[in-house]
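Presented below is the structure to which this report refers.
The values are calculated or read from the model by the stated rules, or taken from the named source; none is laboratory data. Quick caveat, the model's predicted, so the values are computed rather than measured. Cβ placement follows ideal geometry from the backbone for every residue including glycine, while neighbour counts extend to all protein chains displayed.
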Amino acid sequence: MIIPILVVIAIVGLWLAGSYNMLVRFRNRVKESWSDIAIQLKRRHDLIPNLVETVKGYAAHESNVLEEVIKARTNAVTAGSLNEKAQAENQLTGALKQLFALAEAYPNLRASENFAKLQDELTDTENKIQAARRFYNSNVLHYNTALEQFPTNIIAAWFDFMRDEYFQLDNPSEAAPVQVKF
């Protein structure tokens, strides 16, 4: 009589441990994929001062555009929550579009090897951010789905597993990479 009870307790214990470990694994994947985005955002933020300095040398009297880029970069670097980061990155993308539109008016700037190299690096970084964002959002989807499915939702509630937010742009038209035509 005691053996069947012990078997049931063992099965329930193994199920609890397995479900808990699965949730931990999903949560850690979300954290890891967010770090990929953070690395690429930092790379983007690090490129911008060099880009601003390069443009400043050719278009010094366009300081309002340069100031907007610097302000947007500062907001992006200091943004706290995921939603604030998405909004700040949207602002930064818009400011960079203005900067590249300004560059079109300066043929010497467009011909600058330094500017072209920075532009290529920024485009590459934008592509990496897009890929990291897709990877992150996929991991968030798996994690949030596991949190909502029965019976793992019970374990998630017991151990205070919380849903994660997707990293999305507010405006889908701003999701396009920065395009520069010379």
Please indicate, with yes or no, whether at least one residue in region 32-53 is loosely packed, with under 13 Cβ neighbours inside 10 Å, modelled with pLDDT under 90 and part of a helix (DSSP H, G or I).
yes
Counting just the residues of region 106-121 that are hydrophobic (A, V, I, L, M, F, W, C) and in contact with a helix residue (DSSP H, G or I) (Cβ under 7 Å, 6 or more places away or on another chain), which one comes out modelled with the lowest pLDDT?
Leu109
Among the numbered conditions (1) more than 21 Å from Lys97 (Cβ to Cβ); (2) free of Cβ contacts under 8 Å to residues at least 40 places away in the same chain, tell me where Tyr20 comes up short.
(2)
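A quick yes/no check of all residues on (1) free of Cβ contacts under 8 Å to residues at least 24 places away in the same chain; (2) over 30 Å from Glu53 (Cβ atoms):
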| position | (1), (2) |
| --- | --- |
| Glu84 | yes, no |
| Glu89 | no, no |
| Ser112 | no, no |
| Phe115 | no, no |
| Asp124 | yes, no |
| Thr145 | yes, yes |
| Trp158 | yes, yes |
With the requirement that a residue be among the hydroxyl-bearing types (Ser, Thr, Tyr) and in a helix (DSSP H, G or I), what does region 77-102 give you?
Thr78, Thr93
Out of Phe135, Phe115, which single residue is aromatic (Phe, Trp, Tyr) and under 30 Å from Ala60 (Cα atoms)?
Phe115
Please enumerate the residues belonging to region 105-138 that are out of contact with any Phe, Trp or Tyr (no Cβ under 7 Å at 6 or more places or on another chain), under 30 Å from Arg163 (Cα atoms) and not β-branched (Val, Ile, Thr).
Glu126, Asn127, Lys128, Gln130, Ala131, Ala132, Arg134, Phe135, Ser138
